[in-house]
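J.: Pasting a structure here, questions to come.
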Amino acid sequence: MQRVSIAVQGPFNGPLTYLHSHKLAPGLRCKVSLGSRTVIGLSVADAPDEALDAAKLKNVTEVLDTAPLLSEELLNIANWMGRYYLHEFSSPFFLALPKLLRSGKKAELKKTRWATLTLQGQHLDCAQLGGAAKQQALMQVMQKQQSATMRHLKSLGFDSAVVNALVKKQLLNVSDEANEESITPTGELFESELRLTEEQQTALSHIKLDAYAPCLLEGVTGSGKTEIYLQAIRQCLQQGKRALVLVPEIGLTPQTLARFQKRFQDDTVALHSGLTDPARHQAWLKAKLGQAAIVIGTRSSILTPIPNLGLIVVDEEHDASYKQQDTLRYHARDIALKRAHDLNIPIVLGSATPSLESLHNASMGRFAHLNLANRANGSSLPPIETIDMRKQQHQNGLSERLAHRIKSHLDDGNQIILFLNRRGYAPNWFCRSCGWIADCTFCDAHMTYHRAQRTNICHHCGHRETPVHKCPNCHETTLEAMGTGTERAEETISQLFPDTTIIRFDRDIASTRNKLEQQLARTESAGPAIIIGTQMLAKGHHFERVTLVGIWDIDGGLFSADLRARERMGQLLTQVAGRAGRGERKGEVVVQTWYPEHPVFEPLLKHDYRSFAIELLEDRKRTQLPPFGYLAVIRCDSAFANLAEQRLQEMAHYLLNTQKVRVLGPLPALLSRRAGKHRYMLLVQSQKRSHLHEVLTPLHRHYPRDAKQVSWHIDIDPSDL
Ligand code: ADP
Ligand code: ZN
Ligand code: ZN
C-alpha cells in the first residue's frame, strides 16, 4: 500500500494521510472516511506524512475521477491561497470546484447533439457545393472546427435543415453524445470590430500577449475599455488560446454576456451565482475541457480550470465584490495577478476608478499604466455641481432644486437616475417627543423601517420586529419614520411626479438576478422615467437615455471610520456620475450635500479621480496603511464581551513580543455588537509582508479555536474594518 495525501474539508492545516493501492495523481476526488463519516476529499501533491503509524491509517474508500479535475497550476494556487490567507488547508481546493462536484456528482457533460465532419467532409472543396450558400458557409465553419454542438451552430445562424442536408450528402454526422473533446479557439467574429480611437489604439498596442505583463487600464466611464478587452481577447483567441474575464457580481448581466456572444463565434460560458447547480456544473466542465474559448464570471471563477489560458481581464478591478467577506477571505483580483504571473500571461485590470493598490503598483512601475481620458463616442463627461442642502427647502431629503432639474429633464423626454445608498423606507423608527430610536435587540445598530412590510428590519442580522406605536421611553404615541431610504424616495417622487414611470433598483426589489434583469428590461423599454437605486446602479449598466444623475445622499462616506470609506465614496460618486449622458444627449450631475466645502468634492466635481486618489494615497503613506504597509485584522466574536477582548489581548501580547509588527487594539469593531455577539478587532501592521506572515502563521496554527465561546479569524489585506 502507498501513502497518499488527501485534502479533506475541516479545520486542518494540511492534507490528511490515507492508504491506497497506488500513488494518486493530484486533483482526483476520492471518498474517504473521516471519523464516522464518509466524505469527499481531493488528492494533492504534498508529500504524505511518513511518520504516522501505518496501522492507524485508513484506506481510500473509492477514487471518483479518472482524470484530475484541477490542473497542477490551480492546485499550486489553491495551496498558496490557504497559506497566504491563513485559512484551513482544503478550502481553496473546494472553492475551485462547483457544488455538485464537491458533493460527489460525476464530472460528466450532459449529452448534447453534435455535428461532426466526416472524412469525406474533411476533404471537400467547399466550392463544389455550388449555389447552396448556406451549406457552403456551414462547411467552412465545420472544416475549421471539426465538430460543433447544434446549439452553437444555431447561434451561428444554421438551422437543422442545413445540417440535415449535409448529413444526406455524407459530409456531416450527427450524434447525441457527451463529447469531451476540446475545441480550439479561432477568433472568428460575427460582427466587425469598432474602429479604435487613437487613445484606444495606443492602449491596445501596449497589451502584449506573450508574457506576464500586468496593465492597469484606467479609462473614464464610457471610454471604450470593454472594446479594448474584446480586441485583446480576439488576438488571444487567434493564437488558439483562451481568455478569462472577471466582472463584479452585479456586472454580469445579459447585456455584458450578449456583448461577447454577439462578437465572437467561439463559445463563451458564464459562471455566476444566478446559475442553478446543474447549469454551473455543465458550464464549469465546458471550461475545464476547453470547449469554451472565453469564460466570463464573478469572483470565484478566478479558480476555473481553463486549458491554454492566454489572457485574464479583471473589469472594474476596484469593485468590492472581488473580496470575499467570509470564510476564505481572498481577493479575486490578487489571485488573478498571481495566476497570470504563474502562467506567464498578460492581465488587464480595467476601471474608471482604480483601487489605490493598483494605482500605487502602476506608479511604482509594476503595472503598465494605460489611460483613456475621453469617451469613445465623443460625448463629453457631464458637469457635476453640488447643491447646498443647508440653503434648500426639501421634502424627505429631496431639494427643491433637484426636483426642478428632474422636471426639466423629464420634459425633454429623458431618463433620470436618483442615487441613494440606503434601502428600506427610513433608516430610523423614532420618537418625536423624546428622541428614542428603535434599535436591534441583537446588534449595536438602528432598525430600518420597511413600509411595504410594515416592519422594522435590522440590515446587519436580519432581525424583524413590528414597530411599536407607543414610545417605550416616554409613553407618547409620537413615533414616526425618520430619514429616507429608497422606498421612501420612491414614494416622495411618485407624489411629485404622479404620471412618470418610476423604476427602483435595490436588494429588496432586485433580490434575484431574474428580477434585476426585469428591472433593466423595464428601463430599456420605458420612455421618460425616474430610476431610483442603491450602488447597484453604479455598476456596468449602460443606460442609454439617462441625462440627469441626482445623488440624493452620499455624505455618509465622508465621515465613516472605515478604512476605505473615502475611497469607496469617491469611486461611487464617479461611477454613478458616469451614468449620465452616455448616449447622444448631454448629461449633468447634481450632488446634494450638507458639506459642500468638504475638500474631497473639489477634485471629484472636476472628474479628477486621479488627484482625489493621490491625496488619499498620501494619507495612507503618512499612516503607513496599505498599499504602503501591510495589514491584517484579527476579529473576535463572543456572546461575552470580556472573553472576546481577552482573547485578542493575549494575541496582542504574543504579537508584540515578536517585535516584528505593530499592533493596535483590541478595539471594539465598528459595529460593536452583531446578532447578539460582541465584536472586537486587532489591527496588525507591518512594513514587510513576510513579517506579517511570520508572526500570524504560528498564531493561526496554534491558537485554540474553541468556537463555542469565542470565534475568531484572520483577515489578510482586509477591505473593511
Ligand atoms: P467602458 O467599458 O469604458 O465603459 P464601453 O467599451 O462600454 O466603455 O464603450 C462605451 C460606448 O462607446 C459603447 O456604446 C461602445 O460601443 C462605444 N465605443 C467604444 N469604442 C468605440 C469606438 N472606437 N468607436 C465608437 N464607439 C465606441
Ligand atoms: Zn418618546
Ligand atoms: Zn441586528
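J.: Out of Lys111, Lys105, which single residue is within 30 Å of Val162 (Cα to Cα) and either in contact with a strand residue (DSSP E or B) (Cβ under 8 Å, 6 or more places away or on another chain) or not aromatic (Phe, Trp, Tyr) (or both)?
T.: Testing whether each residue is within 30 Å of Val162 (Cα to Cα) and either in contact with a strand residue (DSSP E or B) (Cβ under 8 Å, 6 or more places away or on another chain) or not aromatic (Phe, Trp, Tyr) (or both) leaves just Lys111.
Listed here are the residues, each with its yes/no results for (1) within 16 Å of ligand 3 (Cβ to nearest atom); (2) modelled with pLDDT under 90; (3) within 16 Å of Gly676 (Cβ to Cβ); (4) touching a helix residue (DSSP H, G or I) at 6+ places or on another chain (Cβ under 8 Å).
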position: Cys443; (1), (2), (3), (4): yes, yes, yes, no
position: His446; (1), (2), (3), (4): yes, no, no, no
position: Thr455; (1), (2), (3), (4): yes, no, no, no
position: Cys471; (1), (2), (3), (4): no, no, no, no
position: Cys474; (1), (2), (3), (4): no, no, no, no
position: Glu480; (1), (2), (3), (4): no, no, no, no
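J.: If I filter the stretch 516-525 for residues that are in a strand (DSSP E or B) and at pLDDT 85 or above, do I get at least one hit?
T.: Scanning the stretch 516-525, I find no residue that is in a strand (DSSP E or B) and at pLDDT 85 or above, so the answer is no.
J.: Another question about this same structure. Could you tell me whether Leu648 is surrounded by fewer than 21 Cβ atoms within 10 Å (Cβ to Cβ) and hydrophobic (A, V, I, L, M, F, W, C)? Lay out the reasoning, then the answer.
T.: Values: surrounded by fewer than 21 Cβ atoms within 10 Å (Cβ to Cβ): no; hydrophobic (A, V, I, L, M, F, W, C): yes.
No; evaluated as a whole, the condition is false for this residue.
J.: Could you list, in sequence order, the residues of the stretch 79-113 that are in a loop (DSSP other than H, G, I, E, B) and within 17 Å of Val8 (Cα to Cα)?
T.: Passing the criteria: Leu86, His87, Glu88, Phe89, Ser90, Ala96, Leu97, Pro98, Ser103, Gly104, Lys105.
J.: Just checking, how many residues over the stretch 435-466 are of a type in the set (S, T, N, Q) and touching a strand residue (DSSP E or B) at 6+ places or on another chain (Cβ under 7 Å)?
T.: Count: 4.
J.: Out of Leu252, Leu237, Leu172, report the one residue that is buried (at least 22 other Cβ atoms within 10 Å of the Cβ) and under 16 Å from Ile345 (Cβ atoms).
T.: Leu237
J.: Suppose we filter Ser351, Ser355 for residues that are under 16 Å from Thr298 (Cα atoms) and of a type in the set (Gly, Ala, Ser); which single one remains?
T.: Ser351
J.: Something else now. In the stretch 52-78, what residues are in a loop (DSSP other than H, G, I, E, B), in contact (Cβ under 8 Å) with a residue 24 or more places away in the chain and over 16 Å from Cys30 (Cα atoms)?
T.: Leu52, Ser71 - these are the residues of the stretch 52-78 that are in a loop (DSSP other than H, G, I, E, B), in contact (Cβ under 8 Å) with a residue 24 or more places away in the chain and over 16 Å from Cys30 (Cα atoms).
J.: Would you pick out the residues in the stretch 321-348 that are of a type outside the set (A, V, I, L, M), surrounded by 22 or more Cβ atoms within 10 Å (Cβ to Cβ) and part of a loop (DSSP other than H, G, I, E, B)?
T.: The answer is Tyr330, and nothing else.
J.: Now for a different question. Quick check on my filter: what residues within the stretch 448-463 are at negative phi and over 28 Å from the mean Cα position of the chain (by Cα)?
T.: Listed by number, the residues that qualify are Tyr449, Arg451, Ala452, Gln453, Thr455, Asn456.
Matching residues to (1) farther than 21 Å from Ser399 by Cβ; (2) surrounded by 14 or more Cβ atoms within 10 Å (Cβ to Cβ); (3) of a type in the set (Gly, Ala, Ser):
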position	(1), (2), (3)
Ile416	no, yes, no
Phe419	no, yes, no
Arg422	no, yes, no
Thr441	yes, no, no
Asn456	yes, yes, no
His463	yes, yes, no
Leu479	yes, yes, no
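J.: Still on this structure: Is it fair to say Gly157 is within 35 Å of the chain's Cα centre (by Cα), surrounded by fewer than 18 Cβ atoms within 10 Å (Cβ to Cβ) and more than 30 Å from Glu62 (Cα to Cα)? Lay out the reasoning, then the answer.
T.: On the way: within 35 Å of the chain's Cα centre (by Cα): yes; surrounded by fewer than 18 Cβ atoms within 10 Å (Cβ to Cβ): yes; more than 30 Å from Glu62 (Cα to Cα): yes.
Yes, satisfied.
J.: Also, I was wondering about something else. Suppose we filter the stretch 676-719 for residues that are assigned to a loop (DSSP other than H, G, I, E, B), touching a helix residue (DSSP H, G or I) at 6+ places or on another chain (Cβ under 8 Å) and acidic (Asp, Glu); how many remain? Show your work before the answer.
T.: Looking only at the stretch 676-719, we keep the residues that are assigned to a loop (DSSP other than H, G, I, E, B), and these are 676, 687-688, 703-709, 717-719.
Next, from what is left, pick out any that are touching a helix residue (DSSP H, G or I) at 6+ places or on another chain (Cβ under 8 Å): 703, 709, 717, 719.
Subsequent filtering for residues that are acidic (Asp, Glu) retains 717.
The number of residues fulfilling the criteria is 1.
J.: Would the stretch 456-468 turn up any residue that is within 14 Å of Arg423 (Cα to Cα), within 16 Å of ligand 2 (Cβ to nearest atom) and not aliphatic (A, V, I, L, M)?
T.: yes
Yes/no per residue for (1) touching a Phe, Trp or Tyr at 6+ places or on another chain (Cβ under 7 Å); (2) within 16 Å of ligand 2 (Cβ to nearest atom); (3) under 24 Å from Arg333 (Cβ atoms):
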position: Leu656; (1), (2), (3): no, no, no
position: Pro666; (1), (2), (3): yes, no, no
position: Ala669; (1), (2), (3): yes, no, no
position: Pro704; (1), (2), (3): no, no, no
position: Ser711; (1), (2), (3): no, no, no
position: Ile716; (1), (2), (3): yes, no, yes
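J.: Follow-up question, since we're still on this one. Tally the residues that are assigned to a loop (DSSP other than H, G, I, E, B), surrounded by fewer than 22 Cβ atoms within 10 Å (Cβ to Cβ) and within 14 Å of ligand 1 (Cβ to nearest atom), restricting the search to the stretch 191-221.
T.: Within the stretch 191-221, residues that are assigned to a loop (DSSP other than H, G, I, E, B), surrounded by fewer than 22 Cβ atoms within 10 Å (Cβ to Cβ) and within 14 Å of ligand 1 (Cβ to nearest atom) number 8.
J.: Next question. Of these, Ala639, Ala644, which one is modelled with pLDDT of 90 or more and touching a Phe, Trp or Tyr at 6+ places or on another chain (Cβ under 9 Å)?
T.: Ala644
J.: Being surrounded by 15 or more Cβ atoms within 10 Å (Cβ to Cβ) and of a type in the set (Gly, Ala, Ser) is true for just one of Ala526, Ala521. Which residue is that?
T.: It is Ala526.
J.: A follow-up question, please. Identify, by number, the condition in (1) closer than 13 Å to Pro467 by Cβ; (2) among the hydrophobic types (A, V, I, L, M, F, W, C); (3) in contact (Cβ under 8 Å) with a residue 40 or more places away in the chain that Met447 doesn't meet.
T.: In the conditions (1) closer than 13 Å to Pro467 by Cβ; (2) among the hydrophobic types (A, V, I, L, M, F, W, C); (3) in contact (Cβ under 8 Å) with a residue 40 or more places away in the chain, Met447 misses (3) alone.
J.: With the requirement that a residue be hydrophobic (A, V, I, L, M, F, W, C) and under 17 Å from Glu490 (Cβ atoms), what does the stretch 521-536 give you?
T.: Result: Ala526, Ala529, Ile530, Ile531, Ile532, Met536.
The values are calculated or read from the model by the stated rules, or taken from the named source; none is laboratory data. Owing to the predicted nature of the structure, the values given are computational and were not obtained by experimental measurement. Ideal geometry is used to build each Cβ from the backbone, glycine not excepted, and the neighbour counts take in all protein chains shown.
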